[in-house]
Amino acid sequence: MPPARPWGAPAPAGQPTKQAAPAIGSRRDLLSVAIFLLLILGVGIQAYQDLSQPGAWDYWKDLYLSPSMRSSLVDNADLGGRRRRALVLHGKIGAASASWFRERLDEAHLKAGDLVVISSLGGDLGQSVIMGEVVRSRGLATAVGTVDASGRIGPASCASACVFVFAGGKVRFGVEGSRLGVHRFTTTTAGGDPVADTQRVTGMVLGYLMRMGISASIVEAMTATSDIRWLSSQEAVTMKLVTDPVRRP
């Protein structure tokens, strides 16, 4: 006779003893955790690879952590007695300013003919050209200035790379007292030829400005000096950089 089981009567003869059911839920939990860890690891590896590229950290920082530019939306900006909706930009043009700018435009819901008001002493040349192309593709106008609490646009400065953002305007307003400054652009890649690099940049700049309807004479003014040259109001109009001078009322 089989020994008594500790918890009660013995199992009937010929009937198998029950086995403990496998912990299916626990296995599924472990599998889910493993998949999650693999996904996190994959994202981490990709992020490391992205950040290991030259300039990648500057781009991530400028786009996600501390954008170098700031913006505000003004519903009734006063431009010489004419009022219109405006996105106001100021600050340095950084490594991710073009992506940042697209996001601000999407949020602002500007329509063709609305205004981008900018004040900046320059920054990244490539980003500024992309920003100018975006301005033109959306049919926006541009002006150099700042906007006060009443919505009035006052004078400001736009120099170096900033000029290329301004150049994107389908109409480019010249605010009385505002300044546009240009200078020579150079770039050198590791092991590259400085002369060839300068020629390449000059060709890119010339092509962009001509597409925007600006006279090639502005490139002559740029190449003449490595320091900022502030254009007179008449020069800006003659070069077709300013298409619509605005006088204070």
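The values are calculated or read from the model by the stated rules, or taken from the named source; none is laboratory data. Keep in mind that what you see is a predicted model, and the values were worked out from it rather than measured. FYI the Cβ positions are ideal-geometry reconstructions off the backbone, even for glycines, and counts take in every protein chain you see.
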Open item on the list: Cβ-Cβ under 7 Å, sequence separation 6+ or interchain: first residue in segment 206-219 and in contact (Cβ under 8 Å) with a residue 60 or more places away in the chain, partner assigned to a loop (DSSP other than H, G, I, E, B). Which pairs?
Closed with: M212/G168
Open item on the list: For the list (1) touching a helix residue (DSSP H, G or I) at 6+ places or on another chain (Cβ under 6 Å); (2) farther than 30 Å from L115 by Cβ; (3) not aromatic (F, W, Y), I need the number of the one condition that A224 fails.
Closed with: (1)
Task: Tally of residues being β-branched (V, I, T) and either at pLDDT below 95 or over 14 Å from F166 (Cα atoms) (or both) across segment 219-249 - done: 6
TODO: Mind listing whichever residues of segment 216-249 are more than 28 Å from the chain's Cα centre (by Cα) and exposed (fewer than 15 other Cβ atoms within 10 Å of the Cβ)?
DONE: S217, E220, A224, T225, S232, Q234, T238, R247, R248, P249
